[in-house]
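Okay, structure first, notes after.
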Amino acid sequence: MAHMLEERGLPTTALALVLPQVQKTRPPRAVMTPFMLGRPFGEPNDPKFQHRVLKQALQLLERTDGPVILERFPDDNPSWFDRPDWVPAVALPAPGRGGSTAEWEAAFRAELALVLPVWERFTARFGRTTVGLAGQPPEAWPAFTTSFLDGALPTVPLHDTPALALRFLADDLKALYGEAVQADGGPPSARQIDWWFWRQTIAGQLLIALRGVALESENNALKTVGGRFFVPVPFLPV
């Protein structure tokens, strides 16, 4: 599409996060940024750094030495570096190992009750949230998610298939916890947030368990969604 626009006289520039992809598609102009997927300008709440990324991308519009210009952003995102003084904004007990469906639901419900007030503090502080894809309130999440452990395939009005309903709830769940843990103080690194969620919360352990259930499901859509979207590769069970 970018090449078609350029042929019609409209200059384009792109931000790329996956180097093999941009090398294959070869857009007319692109800046390769070494950041987390979904965050081509870097982490939230760092406008100074984001402006630098945007400026480098826009400067490519002045170049005519193509047909393909691929540059790399020179710096790592500052949020990749751990903050040694960081303490999660919500204190949670160590997660136990999963048991029956009823035990999973009770443990998740109890943990969520601790996280929700802190998440509300985050939304009050920053005036925004990325939570809202699931089509149901957080209070409904424990019963809905754990029902899949027993082989149920529930849906919600917003998403008419079980695969989509669980996929977007998983997205909301990760977003809510990721926002809550940043409710106070300066931002931690993305790595610190991920490690906290996947290693120190019931919610993270539940998503890992749900991935296993999805992969064994006869529902092909759920199998695909569970394998691709629930758990990042570094935190897959060995």
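The values are calculated or read from the model by the stated rules, or taken from the named source; none is laboratory data. Computed from a prediction, not measured in an experiment: that's the story for all the values here. Cβ sites come from the backbone with ideal geometry, for glycine too, and all protein chains shown count toward neighbours.
General observations
- Scanning the stretch 1-19 for residues that are assigned to a loop (DSSP other than H, G, I, E, B) and more than 22 Å from the chain's Cα centre (by Cα) gives Met1, Arg8, Gly9, Leu10, Pro11, Thr12, Thr13.
- Index of the failed condition, Glu111 passing every other in (1) over 30 Å from His159 (Cα atoms); (2) in the same structural domain as Val181 (by TED's automatic domain parsing): (1)
- Close pairs from the stretch 192-206: first over 15 Å from Leu176 (Cα atoms), partner acidic (Asp, Glu), Cβ under 8 Å, at least 6 apart: Gln192/Asp82
- No other residue among Glu111, Glu103 is surrounded by 15 or more Cβ atoms within 10 Å (Cβ to Cβ) and either in contact with a Lys or Arg (Cβ under 7 Å, 6 or more places away or on another chain) or at negative phi (or both) apart from Glu111.
- 1 or more residues more than 19 Å from the chain's Cα centre (by Cα) and without any contact (Cβ under 8 Å) to a residue 60 or more places away in the chain: qualifying helices (runs of 4 or more DSSP H) within the stretch 78-183: 101-126, 141-147
- Of the listed requirements (1) at pLDDT below 95; (2) buried (at least 19 other Cβ atoms within 10 Å of the Cβ), Gly185 misses just one: (2).
- Among all positions in the stretch 196-209, there is no residue which is in contact with a His (Cβ under 8 Å, 6 or more places away or on another chain) and closer than 18 Å to Val131 by Cβ.
- Test: residue in the stretch 20-36 that is aliphatic (A, V, I, L, M) and in a helix (DSSP H, G or I): yes
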